[in-house]
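Participant: Have a look at this one.
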Amino acid sequence: MRIVNRSGRLSVVVDAGRVVDVAAASEGRFGPEPQAAYERWAEFVDWAAGDLSSADHVDLDLDLDTLDAPAPRPSQVFAVGLNYREHAEEAGLDLPEIPVVFTKFPSSINGPAGVIDLPKGSVDFEVELVAVVGCEAAGVTAEDAWAHIAGLTVGQDLSERELQLAGPAPQQFSMGKSYRGFGPIGPVLVTPDEFADPDDIEISCALNGVEVQRTRTRDMIFSIPRIVEFLSSVATLRPGDVIFTGTPSGTGWSRDPKLLIGPDDELVTSAEGIGRMRHTFRQA
Ligand code: ZN
């Protein structure tokens, strides 16, 4: 199943470019609010698997600016750093023995298209596969982890590097990555069963039409199941929480010369089987 947030209304994608409005088609059994669906995820998946052919279908261009984040108001946003070997090497850092975790504050979550304000400093891109939690997870093993994931989407862990790396360790990762609009996710949320292998998905991004990052998620140091196992050994993951799973090599800050996002730049962020986001930037 694939869902989208269409101007704040939860919708199921029924075939290429056509969606069903959940509140209307379910006659109010489920409300329009996308974030609420995760609280009753198993029941919602059951309903959506039924016959939606008699429901009103709405034509929708999945690249349109009318789409918002598929999990717009998570209670928690977890993010994993240094989760690809070549990215840890380009950052000049040792490989982690347990996942390196920080947060993007939930107010940074943003939709899959639109204009993002650039703060002062050095703003960089980080394409990442993003998992959304489908039911409460506390003390979950890696073997059971996928059963706790509602679906996958693609995200950008946008980062202002000067604030992120300011001061002595531990530095300001969570602040440097939480500027308004710095956590875009979308355009759709795809359930894990839709992928041939949810642990092996190609992700990439392009700045002004030039590809800058590309990898497959099988190259993660810590897979999504191992990330869920580690996170849930400490914190209780709640339905609708968002997990950024780490970025591959190619980030702009580690290049020589550095490649930073500037005003009027266009960033296109893609994942196999999920689709693409498109953002432009302006000076705040
Ligand atoms: Zn990141």
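Participant: Taking the Cα centre of each part, how many Å lie between the range 47-113 and the range 183-222?
Facilitator: Cα centres, the range 47-113 to the range 183-222: 10 Å.
Participant: Compute, for the chain, the length of the dipole vector about the Cα centre, with Cβ point charges of +1 (Lys, Arg) and -1 (Asp, Glu) only. Units Debye, rounded to 20. If you can, show how the numbers build up before the last one.
Facilitator: Working: 23 positive and 44 negative charges, 159 e Å.
Using only the charged Cβ atoms, the result is roughly 760 debye.
Participant: Now for a separate question. Quick one: which of 251-259, 69-77, 215-223 comes out on top by average Cβ neighbours within 10 Å, and what's the full order, highest first? Could you put the intermediate results ahead of the total?
Facilitator: Working: 251-259: 14.4, 69-77: 22.3, 215-223: 18.4.
Highest to lowest by the protection proxy: 69-77, 215-223, 251-259.
Participant: Still on this structure: Å³ per residue of the Cα convex hull, for the range 145-224? If you can, show how the numbers build up before the last one.
Facilitator: Details: hull volume 11.8 nm³, N = 80.
Measuring per residue, one finds 148 Å³ for the Cα hull of the range 145-224.
Participant: Let me ask you something else. Once every DSSP H run of n ≥ 4 in the chain is given -39500 (n - 2.57) and the sum is divided by its residues, what mean residue ellipticity at 222 nm do you get, rounded to the nearest 500 deg cm²/dmol?
Facilitator: Values: 8 runs with 45 residues, N = 284.
Dividing the helical sum by the residues of the chain leaves -3500 deg cm²/dmol.
Participant: In nm, give the distance between the simple-model label positions of Arg180 and Asp144, each being 7 Å from the Cα along the Cα-to-Cβ direction.
Facilitator: Between Arg180 and Asp144, the simple spin-label model gives 4.2 nm.
Participant: Continuing with this model, one more query. Which aspartates and glutamates have a Cα less than 12 Å from the Cα of Lys177, not counting those fewer than 8 places away in the same chain?
Facilitator: Cross-link targets: Asp124, Glu126, Asp157, Glu160, Glu162.
Participant: So, one more: Find, among the chymotrypsin sites (Phe, Trp or Tyr not before Pro) in the range 78-152, those assigned to loop by DSSP (not H, G, I, E, B) with at most 12 other beta-carbon atoms within 10 angstrom. If you can, show how the numbers build up before the last one.
Facilitator: Working: sites: Phe78, Tyr84, Phe102, Phe125, Trp146; in loops: Phe125.
Of the chymotrypsin sites (Phe, Trp or Tyr not before Pro), not one in the loops of the range 78-152 has a Cβ with at most 12 other Cβ atoms within 10 Å.
Participant: A further question follows. Given H placed on each backbone N at 1.01 Å, which residues far from Leu165 in sequence or on other chains put an amide H within less than 5 Å of it?
Facilitator: It is Gln172, by chain and number.
Participant: Each residue of the range 239-255 in turn: what ³J(HN,Hα) in whole Hz from Karplus with 6.51, -1.76, 1.60 and θ = phi - 60°, glycine and Pro shown as x?
Facilitator: x, x, 5, 10, 10, 7, 9, x, 10, x, 5, x, 4, x, 5, 8, 8
Participant: Also: From the convex hull of the Cα coordinates of the chain, what is the mean projected area in square nanometres?
Facilitator: Approximately 14.0 nm², given one-decimal rounding.
Participant: On a 0 to 90° scale, report how tilted helix 224-234 is relative to the longest principal axis of the chain, with both axes built from alpha carbons and the result rounded to the nearest 10.
Facilitator: 80 degrees
Taken together, the values in this text are just the output of simple stated rules run on the coordinates, not laboratory data. Everything numeric here is computed off the predicted structure, so don't read it as measured data. Ideal geometry is used to build each Cβ from the backbone, glycine not excepted, and the neighbour counts take in all protein chains shown.
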